[in-house]
Structures are given as C-alpha cells and as structure tokens.
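Laboratory data are not the source of any read-out in this text; all were calculated from the coordinates shown. Note that the coordinates shown come from a computational prediction; the quantities given were computed from them, not determined experimentally. Positions of Cβ are generated from backbone atoms using ideal geometry, with glycine treated the same way; all protein chains shown enter the neighbour counts.
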Amino acid sequence: MHYCYLPTLTDSTHEIRITNKNEIHHIKNVLRLKKENTLHLFNGKYLKALGSIMTINEKEIFIEIKQFIQEEVEQPKIILACAIPKKGKFETIIEKTTELGVAEIIPLETQHSDVRLKSDQISKKLIRYQTVAINASKQSKRTTIPIIHPVTKFTDILATLISRSTVFIPSLENKRENILQSFKQMKVTDTIAFMIGPEGDFSSKEYTLAQKKGCIPISLGKTILKVETAAICSIACARQFYHPF
C-alpha cells in the first residue's frame, strides 16, 4: 500500500484534492497509480486514512476518503540529540533513525564538532533534513514524522532535555553501564533521549557537565563507533527493548 503525506488531513476530511506538482508526479508517474487505486494518507500526527483515487491527471488528483485509522502514541518517545558528522552523513542518521521510530532529532554543536554550519546554510539544511525525514516516514510506513529541531549548542539543549526526559550519553570515559542494563534499571518514563558526540567525542568538560545535570553514561560496546553508527545503534537498542519485533 502506497503512502502519501498530507499535513492538512483531519478526521473530518471526506475528500482530498492534490495539486502539488511534485506529489502528482510521484503518485502518477513514479508509483503509477490510476483511477480506483487505493493509497494510505497520513498527516504526520498519528492519523492515517485509506483513500481511493477518483480522478487523476497532470493538474490534479482527487481522492475520496474511505476509512480513518487513529494509531496509538508509542511510549516512550525517543529523542536523538546528535553532533553533525562530515560528508552529509547526518542525512543518513535522519533516514535510518526515522525508520526506527525516533520522535525528535536535534542537530548538536559541541566543542569538538567537525561541522559548524554558517547562518546562511542552516535554513537550507533544515529544509533538506525535513525532506529526508518525510521521505523516510513514507518509505517505512509510519504515521508520524520526527520533529527536526534547529542546530543547537550542547550547553543550550542539556537543561531542556534533562527537564523533559531521561537522558543517556554513550561514553568512552569513566564508569558506564551497558545500554540494555541501563534500560532495565530506569524508572518508567514517557520520554528518553540520547546525546551522541562528534568524531572527536564530547570534551571532558561536556561529559562532566552532562553527568552533573543527571545524564546517564552508557556503553555501546567495546569498539569505538562512528557518529552515525552510535546514533543508529542507540535508537535501535531502545526500539527493540521497548517495542520488541
């Protein structure tokens, strides 16, 4: 079943007229859907609908809503705060963690960050990041789209994350516990977060500050992981622990 993202979809919608040229091209020429074909529509906020194509041409697609499906909010909500690696790998992080069910993604700027976006680059990057998240949501057939936050400094986001979630920080320093064992010991919570450092790792000052604020140091194994591997591994472990396949 094909998925189509429509943020204006509500549970009182009876019909949809799609006029966006890119969406029409995707449905008509890429998916090759025709009149009377069915597809799933979703608004990115847990609402999904089953629709039937009534008319389709180069200028407009008219869809009639047949059924609504309201999905439950998954708990715990998972947040990823991650330093931006080089060579566009952050898009891979967004794509793969979206497939794994992450709810929010926060691009981090840290003391050892390899990538520091200039002000004129940030807005373009955020648009691109959001597009990657939407496409990954459609491909993986999830009914939500992760929130992509603006690029934020480590020190600015730390207090906010601690106030609204249990925060885990993969660490190469000092005492830390296996990630799965940490999950077993934590209190029931609605939100968990992971803070992933850059290739040069978090600085000692950042680790010290994080632990003082209440972050839980964890281990992802004996080997040293790249940023994208650590991010995907963390979200995959949480997904499997709380929502076994």
Quiz prompt | Between region 83-103 and region 192-216, the alpha-carbon center distance in angstrom | solution = 19 Å
Quiz item: If you compute semi-axes √(5λ) of the Cα gyration tensor in Å for the structure shown, which of [x] 34, 25, 20; [y] 38, 20, 14; [z] 27, 19, 18 do you land on?
Solution: [y]
Practice problem: Report, in order of residue number, the helices in the chain meeting two criteria: a C-alpha extent of 15 Å or more along the helix axis, and a mean Kyte-Doolittle hydropathy of at least 0.5; treat each whole DSSP H run as one helix. | Solution: 154-164, 227-242
Exercise. Compute the distribution of all C-alpha to C-alpha distances in region 91-195, in bins of 10 Å from 0, and list the percent of pairs in each, rounded to whole numbers.
Key: 13, 38, 38, 11, 0
Quiz item: Which whole-angstrom value gives the distance between the alpha carbon centres of region 109-164 and region 29-67?
Solution: 30 Å
Quiz item: Rg/Rh for region 3-70: what does it come to with C-alpha atoms and Rh from Kirkwood?
Solution: 0.93
Practice problem: Once you've got the Cα coordinates, tell me which of Lys184/Lys213; Lys34/Lys141; Lys35/Lys66; Lys89/Lys124; Lys89/Lys141; Lys89/Lys213 are over 25 Å apart. | Solution: Lys89/Lys213
Quiz prompt | Dipole moment magnitude, nearest 20 debye, the chain about Cα centre, only Lys, Arg, Asp, Glu C-beta charged | solution = 320 debye
Exercise. Kindly state, as a whole number, the per residue volume in cubic angstrom of the convex hull around the alpha carbon atoms of region 100-142.
Key: 87 Å³
